[in-house]
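Report on one structure; see the data block that follows.
The values are calculated or read from the model by the stated rules, or taken from the named source; none is laboratory data. These figures come from a predicted structure and were not determined experimentally. Every residue, glycine as well, gets a Cβ built from its backbone with ideal geometry; the counts of neighbours run over all protein chains shown. The protein model used for the area step is the full one, side chains on, heavy atoms only, and it has no ligands, DNA or RNA in it. Shrake-Rupley method; radii C 1.70, N 1.55, O 1.52, S 1.80 Å.
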Amino acid sequence: MVKRLILHDLPPQMADKLYTYDKDTTVFYAYPAVRHCVGCFGCWIKTPGQCVVTDRAREFCDMMPRQDEVIIISKLTFGGLSPDVKAVLDRSIGYMLPFFRIINGEMHHMQRFASSPALTYHFYQTAGKSAQKETAQKLAAANALNFGSSKVIVRFHEDDVLISEVLL
Amino acid sequence: MKIALINASPKRGDSASRTLLQALEKCLHDTEIIWHDSASGDGEELLRAVGGCSALVFAFPLYVDGIPANLLRQLEQACPSVAQAAPEAKVYALVNNGFYDGCQNALALEMMQYFTQEAGLTWGQGIGVGAGGMMQSAPIGKGPLTRLGKTMDVLADTILQRRSAENITIAPNFPRFLYIQAAHMGWRLQAKNNGLKKSELYKRY
Ligand SMILES: Cc1cc2nc3c(=O)[nH]c(=O)nc-3n(C[C@H](O)[C@H](O)[C@H](O)COP(=O)(O)O)c2cc1C
């Protein structure tokens, strides 16, 4: 089975439907918000691969290497991710190495793991925000480069997102 | 004219963002300056701080190709009422990143522009500063930070004249391969000081 990890910020009544899916799908609810990264780089130079702050954000980063796909569901916020979802990703940079490499003429991170999960983004409440959607598309591509994912998919949902559209 | 300098680096104490704002402050003559620390706190505090300001200058690090979560939350909370608190305000952003290429800050600048638009404020200018790790390596305006110094002079003029300008992104006057070497040495040294062996930096979990 394909192992999937879903990170989302959906309202509870919609989120409930995610949990009943299947045993290979793990759900990480971005709400209530995890503490935000304080920029100490402890996850690179003190406890490599693990954030030094001990709250549940650690679990997300711990689970990442074991997935085939990471699905990120977020309200489109200023052309990017919502604060709750972003807080989880900011806390997950221990997933990669501090060291740099050049890809397409730009600096990016070297990877701690041999291969990375595919990344799929679902942005919702995107109606009337065509410029923001373009930025979100570029954001997903940039994230994929830094997390070492060779496959990235971005989907937009004008209104709310239906779970049936996420878990195909 | 009242200008708000908003330091949104989540780091306590020294940060590249703070250094950038300090350098800018030195060029902002004869004007009232308000400092606000957005490392933590909420949108309410941000709103109170920027009340009546005609320029809001946000400085922050690039996090995962975007705005760090601490600031993002404050922006989302403040968005509906910031135009009431500071109706005349133009928004400027100074984003720095760890990679050498300042152009990687372009997405975060775009995000700040969407915030500005949704808040009903006016965009002033965005500066993307590469190689944030070098901010403390020399005084801004000297050596590797010569170009940055000139950029800050121009930004200060733009702010004082209440103008808007095109976003720009810059890299230091310093070769990239040396920046990479220095950074790699730095990581290894810091890990060693924390009692780690070199191989432990690569640990898989
Ligand atoms: C959680 C986290 C995410 C980061 N993501 C990026 C990134 O996507 N691209 C980049 O170039 N640097 C990234 N950096 C590096 C910071 O932007 C860099 O260290 C910056 O100089 C910190 O600025 P400050 O001292 O003002 O906080 C990241 C750092 C942290 C802690």
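Amide hydrogen proximity for A:LEU97: with H placed 1.01 Å from N in the peptide plane, the residues at 5 or more positions away or on another chain lying under 5 Å are A:MET110, A:GLN111, A:ARG112.
Could you state the per residue volume, in Å³, of the convex hull enclosing the Cα atoms of segment B:2-174?
Numbers: hull volume 16.1 nm³, N = 173.
Taking only Cα atoms, segment B:2-174 has a hull volume of 93 Å³ per residue.
The Cα atoms of segment A:54-168 give a gyration tensor whose axes a ≥ b ≥ c have a/c of 1.5 or more with a/b greater than b/c, which makes the shape prolate.
A cut-off of 5 Å between modelled amide H atoms, ignoring neighbours fewer than 5 places along the same chain, links B:TRP35 with B:LEU5.
Relative contact order for segment A:4-166: 23 percent, from Cα pairs under 8 Å spaced at least 6 residues apart, divided by residue count.
Normalising the Debye intensity of segment B:38-104 to I(0), with uniform scatterers on Cα atoms only, and taking log10 at q = 0.16, 0.20, 0.27 Å⁻¹ returns -0.56, -0.82, -1.21. Within segment B:120-205, the trypsin sites (Lys or Arg not before Pro) that combine a DSSP coil assignment with at most 12 other C-beta atoms in a 10 angstrom radius are B:LYS142, B:ARG163, B:LYS197, B:ARG204. If you roll a 1.4 Å probe over segment A:68-168 with all protein chains in place, what percent of the accessible area is carbon or sulfur? Its accessible area is 50 percent carbon and sulfur atoms.
Over segment B:2-174, Cα pairs under 8 Å with separation of 6+ residues give a relative contact order of 23 percent. Remark: segment B:66-76, residue by residue, has Karplus-estimated 3J(HN,Hα) of x, 7, x, 4, 4, 6, 3, 5, 5, 5, 4 Hz, where x stands for each Gly or Pro and the curve is 6.51 cos²θ - 1.76 cosθ + 1.60 at θ = phi - 60°. Placing a label point 7 Å from the Cα of B:ASP30 along the Cα-to-Cβ direction, the residues of segment B:141-168 with a backbone N closer than 17 Å are B:156-163.
Residue-wise HN-Hα couplings along segment B:98-105, as the Karplus relation 6.51 cos²θ - 1.76 cosθ + 1.60 with θ = phi - 60° gives them from phi, are x, 6, 5, 6, x, 5, 6, 7 Hz; Gly and Pro carry x. Remark on the protein assembly as shown: Rg and Dmax equal 20.3, 66 Å (Cα only).
Taken about its Cα centre, the protein assembly as shown carries a charge dipole of about 1480 debye when Lys and Arg each add +1 at the Cβ and Asp and Glu each add -1 at the Cβ.
Computed about its Cα centre, the charge dipole of segment B:2-174 is approximately 400 debye, with only Lys, Arg, Asp and Glu carrying charge at their Cβ. Note: relative contact order over segment A:1-96, using C-alpha pairs below 8 Å and six or more positions apart, is 41 percent.
Taken one residue at a time, the phi angles of segment A:92-98 give Karplus couplings (6.51, -1.76, 1.60, θ = phi - 60°) of 10, 6, x, 4, 9, 8, x Hz. Gly and Pro are set to x. Between 0 and 90 degrees, the angle of helix A:130-147 with respect to the longest Cα principal axis of chain A falls at about 40 degrees.
Across all directions, the shadow cast by the convex hull of segment B:77-142 built on its C-alpha atoms averages 5.4 square nanometres. Pop out a list of residues from segment B:57-90 that are at least 30 Å² less accessible with all the protein chains around than in their chain alone; 1.4 Å probe, no ligands or nucleic acids counted. Residues of segment B:57-90 that lose at least 30 Å² of accessible area once the other chains are added: B:TYR63, B:VAL64, B:ASP65, B:ALA69, B:LEU72, B:ARG73, B:GLU76.
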